[in-house]
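What follows is a short report on a single structure.
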Amino acid sequence: MINLAPHNKLGLIIDSPLIAGSGAAGYGAAWPPGLHAEDFGLIITAPISATPRKGKAQPRLAEIPAGFLLETGDHNPGLRRVLASHVKTWRKLKTPVALSLVGGEPGDRAWMAAHLEDVEDVIAGVELPIPETVNLGEAGALIAAVRRVTPLPILARLPLTRAAYLAKTCVVAGADALIVGAPPPAAYPVDGDWVEAPLGGPIVLPFTLRALRQLRDMSLDAPVIAAGGVQTLDDALLCLELGAMAVQIRSLAWRDPAAAHRLALNIRSFMDAEDN
Amino acid sequence: MIQTRALLEAREEAGSALSLRLRAPDLAAQLVPGQAVLIQTGWGYDPFLRRTFHPIAIDSESFAIRLAVDGDRGRAWLRLAQPGAELDCLGPVGKGFILPSRARRILCLGGGDAAWTLLPLVQRAAALGHAVTLATDALSKRQTIPAAMLPISVEYHIATIDGSAGRKGALSALLPELLPWADAVIAAADMDFYRQLGRAIEAARVLPPKGYAQALYQMNFLCGTGACQACAVDIAGGRRRVCLRGPVFDLVDILR
Ligand code: FES
């Protein structure tokens, strides 16, 4: 068992270091064939905003060498409708669920976190993606505002290229764990138009590894979760060796659910062998 | 939806392109014409995304896909695959065509390469005793579906842009004479054609009733399960995921 929020009195105990992250299974109900909630220690939902967002018009997807760019514009039905349609599913799952709360207006995330009070027994934590462009003060304020209104564990998702810069501030402001993180944004042409979005797929792994190496040397008092580019057991173990307590997958679940399921089994066997 | 390894049984020339017959009984048994299969291409992580195909033939044990000649790296890799190779497939994705049981006369309209994806439906409809007319267009005779691939009972109309077979021009030119005959329309083409079809139906029938015409919305899927949101388009009065709501829609919903 791994506690991703050791300093939070609620804790966030996961029974596998593998996390279905960034909406790998949508809001916890869109499972690819052969992959199940039980394969994971934690499920982090697709982005949820205070009000519904239509997201970006097509094109949303561009293929690049060894990866892709996916720009959904945080398309989602808004907090109220997500809760109305999914709380029942989450209640039935044996795997804990964390909600990814994305901002719009200042204060949106704190407003959403405050509205989770009634479902705190169902939700294991909240993920807060930290925007690429914020400075230290803004990042700290964003976390602190949510910290003030909810006892739930906060997982701060840091931009990979700025993780070292932002990490300490986020922990001091109240983040229970750090997710490294959000891949760098990029642009690629599609059918005479452009897709501008964070990188996705195996191309991201070297960015994740660099961020992990930087954080390893910072003696942070918070667990680190690796997210970005992990496709194989070797990739996952590399992240764990670099100090990550858990590893998140997304594109692997979408592209090759059978391989994701194998990874889930193998990582459990590896952890069991380590424990014995 | 399942993930399975399909055995490449045969490669055949199909018009100007190549068709691959893939044996995958568990997947073939679930496939409905118009649904998609997502196939992994390449050896490693490049290309990373699966390629989307709408099968051009389906039987109880296998299905076939068509590879037109284009500049895509994934399809180029598939063109090199030899019989005996195993291909990783995810499918079926989405909702396929529904054979309108009460319609006796079914008009199938295929624009360009998409016309080939109508073949499994044409076969099924003819086998069930529907009167079927297939009308397609292509750049030239080389890209047209050979008549020998169709059941003998199917009436077949062709339009070619260069006039090398059938009527010279585009498929839309055939609509005024064919639409009044049809009880139901099944289409696979592009959005421009769907708009023309909508107008032609209105002209022929006063009001295009819901359920009268079904149309295939073609796009590339990433996950096919509704998780990634890559396939959301403005359709049926909202921004919806084609892999869940489609890829076959009522024409009224596509045009709305
Ligand atoms: S392809 Fe992923 S949601 Fe449709």
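The values are calculated or read from the model by the stated rules, or taken from the named source; none is laboratory data. From a predicted model like this one, the values you see are computed outputs, not experimental measurements. Reconstructed Cβ throughout: ideal geometry from the backbone, glycine too, with neighbour counts over all protein chains shown.
Among the residues of region A:10-23 satisfying the criterion of being hydrophobic (A, V, I, L, M, F, W, C) and not in a strand (DSSP E or B), which is farthest from the other protein chains (Cβ to nearest Cβ)? Taking the candidates together, the pick is A:LEU10.
Please determine whether any residue of region B:27-42 is touching a helix residue (DSSP H, G or I) at 6+ places or on another chain (Cβ under 8 Å) and farther than 20 Å from B:CYS243 by Cβ. Yes, that holds for at least one residue. Out of all the residues in region B:200-222, is one or more without any contact (Cβ under 8 Å) to a residue 24 or more places away in the chain, within 16 Å of the ligand (Cβ to nearest atom), within 14 Å of chain A (Cβ to nearest Cβ) and surrounded by 22 or more Cβ atoms within 10 Å (Cβ to Cβ)? No, there is no match, as no residue in region B:200-222 is without any contact (Cβ under 8 Å) to a residue 24 or more places away in the chain, within 16 Å of the ligand (Cβ to nearest atom), within 14 Å of chain A (Cβ to nearest Cβ) and surrounded by 22 or more Cβ atoms within 10 Å (Cβ to Cβ). Pairs meeting the criteria (first residue in region B:90-106 and β-branched (Val, Ile, Thr), second residue in a strand (DSSP E or B), beta carbons under 6 Å, at least 6 apart or on different chains) are B:VAL93/B:ALA36; B:ILE106/B:VAL132; B:ILE106/B:ALA184.
Residue pairs whose Cβ atoms lie under 6 Å apart, separated by 6 or more positions or on different chains, with the first residue in region A:24-42 and within 13 Å of another protein chain (Cβ to nearest Cβ) and the second charged (D, E, K, R) and surrounded by 24 or more Cβ atoms within 10 Å (Cβ to Cβ), are A:ALA24/A:ARG250.
Residue-wise test of (1) under 16 Å from the mean Cα position of the chain (by Cα); (2) within 26 Å of B:CYS228 (Cβ to Cβ).
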position	(1), (2)
A:LEU205	yes, yes
A:MET218	no, no
A:ALA222	yes, no
A:LEU233	no, yes
A:ALA236	yes, yes
A:GLY243	no, no
A:ALA246	yes, yes
A:ARG268	no, yes
A:ASP275	no, no
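For B:PHE249, the criteria (1) modelled with pLDDT of 95 or more; (2) in contact with a Gly (Cβ under 6 Å, 6 or more places away or on another chain) hold in every case but one, which is (2). Only residues in region A:244-271 that are more than 14 Å from chain B (Cβ to nearest Cβ) and surrounded by fewer than 24 Cβ atoms within 10 Å (Cβ to Cβ) count as the first member; pair them with residues that are aliphatic (A, V, I, L, M) and in a loop (DSSP other than H, G, I, E, B), Cβ under 7 angstrom, at least 6 apart or cross-chain, and list the lot. Once the first residue is more than 14 Å from chain B (Cβ to nearest Cβ) and surrounded by fewer than 24 Cβ atoms within 10 Å (Cβ to Cβ) and sits in region A:244-271, its partners that are aliphatic (A, V, I, L, M) and in a loop (DSSP other than H, G, I, E, B) give A:MET245/A:LEU4. Among the residues of region A:60-74, the ones that are more than 7 Å from chain B (Cβ to nearest Cβ) and assigned to a loop (DSSP other than H, G, I, E, B) come to 3 in all.
A single entry from B:ALA227, B:ALA232 fulfils the requirement of being over 14 Å from the mean Cα position of the chain (by Cα) and more than 6 Å from the ligand (Cβ to nearest atom): B:ALA232.
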